[in-house]
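Undergrad: Let me begin by handing over the structure; questions about it come next.
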Amino acid sequence: MTGMVSTIMIFSIPIIAIVTSHLRAQTKIKHKMLKDELALEKLKHENFAMETQKMKYELELMKLEAPNKNSDIV
């Protein structure tokens, strides 16, 4: 009985270490993925803001050019 318990203890410690190491590695990978996703979302937001600003400028330009086009036609 004592031999069986000691055998189980001897083999369970390396298995627990392997599982713990694997879980730690997975956590590091998930952390890196989240950092990359956050950086990507920041870039997407900046891109959206720039496109929105560009569209505002183009709309203002169209409004400024519209009276000139109407006066040329008449």
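Please treat every number below as a calculation from the coordinates, not as lab data. This structure is a prediction, so every number in the text was calculated from the model and none was measured. As a convention, Cβ positions derive from the backbone with ideal geometry for all residues, glycine included, and neighbour counts pool all protein chains shown.
Undergrad: Consider all pairwise Cα distances in the chain and report the whole-number % of them above 18 Å.
TA: Tail of P(r) above 18 Å: 72 percent of Cα pairs.
Undergrad: About its Cα centre, how strong a charge dipole does the chain have in debye, to the nearest 20, once Lys and Arg get +1 and Asp and Glu get -1 at the Cβ?
TA: With Lys and Arg at +1 and Asp and Glu at -1, about 480 debye.
Undergrad: Students often forget the sequence filter, so: which lysines lie under 19 Å Cα-Cα from K30 once same-chain residues fewer than 8 apart are removed?
TA: Counting by Cα, and skipping residues close in sequence, K30 has these lysines nearby: K42.
Undergrad: Rounded to the nearest 500, what is the chain's calculated 222 nm mean residue ellipticity when only DSSP H runs of at least 4 contribute -39500 (n - 2.57) each, over all residues?
TA: Mean residue ellipticity, 222 nm, calculated: -37000 deg cm²/dmol.
Undergrad: Here's another thing I want to ask about it. What angle do you read, to the nearest 10 degrees and between 0 and 90, between the alpha-carbon axis of helix 2-73 and the longest principal axis of the chain?
TA: 0 degrees
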